[in-house]
Amino acid sequence: MWRVTATDLNKLDVFHRTCLRRVLRRFWPNHLSNKGLYETTGSTPVSVLIRVRRWRWLGHGLRKSPDNISRTALTWAPEGKRRRGRPRETWRRTVERERNKVGWHTWGAAAASALNRDGWRDLLAGLKSPHQPDEDEEVRRN
């Protein structure tokens, strides 16, 4: 598990779209929008797939016993201070920000939802909804 910044996600999405356009042999003069590209190929952006896989693993970890090390790692905070400057983007901060967007303000609420596997799968299906730019993509564009 490594941290993925907005810049990393954007680069992965651009590379994925470039590869899809090469497969379809659609080059510069023949314009094809990103939305049209995803509809034509039946694929979703890599950034969405990463988010879904992150939440799939998170649900797996939240269903484990509370004393399991992978579950403990979700709430563990290392001691000490970071150097001065901009806070680093970490995997945990990314997950906590997404958790708050869903409406769970504690890990207990997320764990309770993860125990219901059908509900969790519905949540993952909602995260997969293609062609809907989320707030992070709106920020990247501006």
Give me a count of the residues in the range 9-24 that are closer than 16 Å to residue 47 by Cβ and surrounded by 15 or more Cβ atoms within 10 Å (Cβ to Cβ). 7
Sole miss for residue 94 among (1) modelled with pLDDT under 85; (2) under 23 Å from residue 47 (Cα atoms); (3) out of contact with any Lys or Arg (no Cβ under 6 Å at 6 or more places or on another chain) is condition (1)
Within the range 44-69, which residues are hydroxyl-bearing (Ser, Thr, Tyr) and without any contact (Cβ under 8 Å) to a residue 24 or more places away in the chain? 65
Residue by residue through the range 1-18, note down the ones that are part of a helix (DSSP H, G or I), under 16 Å from residue 53 (Cα atoms) and not acidic (Asp, Glu). 9, 12
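The values are calculated or read from the model by the stated rules, or taken from the named source; none is laboratory data. In this text the structure is predicted, and so the values were computed from the model without any measurement. In this analysis, Cβ positions are derived from the backbone assuming ideal geometry, glycine residues included, and neighbour counts consider all displayed protein chains.
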